[in-house]
Structure formats: structure tokens, C-alpha cells
Amino acid sequence: MEPDTQTYTRAMIPLAPRTLDRREGPYGEVVLRERGRHFEIIANGCFLMDTSDGRSERLLIDAALGALPAGRRGPSVLIGGLGVGFSLVRAAEEERWGRIVVVEREQAIVDWHRRGPLDRISGAALTDPRTQVLHTDLVAHLRTATERYDALCLDIDNGPDWTVTDDNGSLYSPTGLAHCHDRLTPGGVLAVWSAQPSPAFEQALRNAGFTGVRTEEVAVARGVPDVVHLASRGA
């Protein structure tokens, strides 16, 4: 039987996104869109992330936990960027994590998770007694905080080589990496999500005094793989 050409053609046409909310904040515009059964977050006109595939966001958490020294009990983790919630949900699913701190500077994104459509993804994780959400800028928090964490899991913009706002670029600078180093406990792990591999960033991590620098990849349907850069603070 010949296929229904009209039906086949319609199936090949990507669904048009529907804007659910649009906010103008101190760092520019952020937009939440729905495309079919998935959500997308757009910042300053640049696609940040969607809910179609969270493997690399989950790897960010799993790889950091796996890289910690054996026997560390109830390690604390700071997640930089709430995003669509996949990293937070993964951390809350893992009983071995102790305190889970999420730093998110966009109030709109926090609202979408607490009282909006993204609640169906992160609702249980946000009510986990280990979870705390800080509405603040990650760069400023790393610079001014005194608390140390066993793991820093950072998913900011599209990675070290592709930032959406200029201020975030300082996170990956020598000064920013020094602040990350200072916020880790001895033997603590820095995990950084990126939309593409970055040998230059690997070298920057070594220059900042990190050890055990390596990169784990997650293949995507098209283009270069998503990656998680991993590095440790010496014991």
C-alpha cells in the first residue's frame, strides 16, 4: 500500500513553538516556549536548552559524584543554573548526595519551576529537604561565598566557548576558575557542561591548579557532542 503522502509530509514538518511566557530581566529577555510535548528556554534570542534529551545534564551530576574520593559521606553539591531541571532532579534522585544547592539568577526560571509548567519536571526535587534554591548570580556567589562544596556542577549558557551574556564569560576566566577552586573542599570536583569540546578550557583548568582534568562526551543526533569537563581540587 502506498503511504499517505499528505500525512507523511506533515509528520516531517517541525512543530511550531508556542510562547508560554516572556520576561525582560536585568540580564536581558528570557522566554519559555512549548514545542509539542517539550519545553524550550531562550535567552536573548539564543536557544539554551530544551527537555527533549537530558542525558548530558544528568551526566553532569553522575560524573561529579563518581569522581569524588571513595568513602565520602553525604557530599554537598552546588548546581549552577536551574535550566529545565534535569540536573537538579538527578541529584535529588541520588540518596548519596547530602545538601543540594541550586544557584539561578533568572527569577523567571525559578517561577516556571515553582508555579509554572516546569513544575511537572522538578516539583518533587524542589520539595526535597536537601534542596535549597538561591536566586543570585553564580559568578558573584562563587566570589563572595565562604561555604565550600564537595562538587560544583555548572551548566551556564552553552559552555566556556559559547556564552549568552558577557558577564558569564568571567566564570571561565583564570579569576573565575580560581573562585571555583576556592569553593571546593579538598578532593572536591568541578564539573562543567558544554555544548562542544574545548581543549583550551581543559588547559585553563590545569593552569588554575586543577588535577585529573578530563572530558566525557554524549553523542547527539547532529553535530559535535555535548560534553562534561571534569577536574578535581587536590586533597
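The values are calculated or read from the model by the stated rules, or taken from the named source; none is laboratory data. All figures in this text were calculated on a predicted structure; none of them were measured in a lab. Positions of Cβ are backbone-derived with ideal geometry, glycine not excepted, and every protein chain shown enters the neighbour counts. Accessible surface is based on the protein model in full, side chains and every heavy atom, while ligands, DNA and RNA are left aside. Shrake-Rupley method; radii C 1.70, N 1.55, O 1.52, S 1.80 Å.
Search the structure for amide H atoms under 5 Å from the amide H of Ile156, placed 1.01 Å from N in the peptide plane, and list their residues when 5 or more places away or on another chain.
For Ile156, the qualifying residues are Trp193.
What dipole magnitude, in Debye to the nearest 20, does the range 66-124 give about its Cα centre under +1 on Lys/Arg Cβ and -1 on Asp/Glu Cβ?
Taking the Cα centre of the range 66-124 as origin, the dipole is about 200 debye.
Using Cα pairs under 8 angstrom and six or more residues apart, how large is the relative contact order of the chain, in percent?
In percent, rounded to a whole number, it is 16.
Long-range amide H contacts for Leu20: which residues qualify at under 5 Å (H placed 1.01 Å from N, peptide plane, sequence gap of 5 or more or a different chain)?
Under 5 Å from the amide H of Leu20: Leu32, Arg33, Glu34.
Could you work out the mean projected area of the convex hull around the alpha carbons of the range 1-157, in square nanometres to one decimal? Present the calculation step by step, with values, prior to reporting the outcome.
Numbers: hull surface 48.8 nm².
Projected over every direction and averaged, the Cα hull of the range 1-157 covers 12.2 nm².
Quick one: net charge of Leu88's neighbours, Cβ under 14 Å, K/R +1, D/E -1?
For residues surrounding Leu88, the net value is -2.
How much length is gained on full extension from Ala124 to Arg37, taking 0.36 nm per residue of separation minus their Cα-Cα distance?
Contour length minus Cα-Cα distance gives 29.3 nm.
Counting only heavy atoms of the protein chains, get the accessible area per residue of the chain (1.4 Å probe) and round it to a whole Å² value. Walk me through the numbers on the way to the answer.
Values: 11520 Å² over 235 residues.
Counting only protein heavy atoms, the per-residue value for the chain is 49 Å².
Quote the charge dipole size of the chain about the Cα centre in Debye, to the nearest 20; the model charges only the Cβ of Lys and Arg (+1) and of Asp and Glu (-1).
Here the chain has a charge dipole of around 540 debye.
Please work out how much length the chain gains when fully extended from Ala235 to Gln107, using 0.36 nm per residue of separation minus the C-alpha to C-alpha distance, in nm with one decimal.
42.5 nm
I need the helices of the chain that pass two filters: whole DSSP H segments spanning 15 Å or more by Cα along the axis, and mean Kyte-Doolittle score no lower than 0.5.
Both cut-offs are met by no helix.
Please list 3J(HN,Hα) in residue order for the range 217-234, calculated via the Karplus relation 6.51 cos²θ - 1.76 cosθ + 1.60 where θ = phi - 60°; whole Hz, with x for glycine and proline.
So the Karplus estimates, Gly and Pro as x, are 10, 10, 5, 10, 4, 9, x, 6, x, 6, 9, 10, 7, 10, 7, 10, 8, x Hz.
Could you sort 29-36, 15-22 so that the peptide with the highest average Cβ count within 10 Å comes first and the rest follow in order?
Averaged packing, sorted descending, gives the order 29-36, 15-22.
Explain nothing, just the number: dipole magnitude of the range 95-175 about its Cα centre with +1 on each Lys and Arg Cβ and -1 on each Asp and Glu Cβ, in debye rounded to the nearest 20.
Its charge dipole is roughly 360 debye.
Between Ala178 and Val218, with labels modelled 7 Å along Cα→Cβ, what's the label distance in nm to one decimal, could you check?
3.3
Would you grab the residues whose amide H sits under 5 Å from the one on Asp226? Only those 5+ places off in sequence or on another chain, please, with H modelled 1.01 Å from N.
Val218, Val220
Taking the Cα centre of each part, how many Å lie between the range 65-85 and the range 171-197?
13
Taking only DSSP H segments of four or more residues, each worth -39500 (n - 2.57), what value at 222 nm results for the chain once the sum is divided by all its residues, to the nearest 500 deg cm²/dmol?
Computed ellipticity for the chain at 222 nm equals -8500 deg cm²/dmol.
Can you quote the Å³ per residue value for the convex hull of the Cα atoms in the range 81-235, rounded to an integer?
In the range 81-235, the Cα convex hull volume per residue is 121 Å³.
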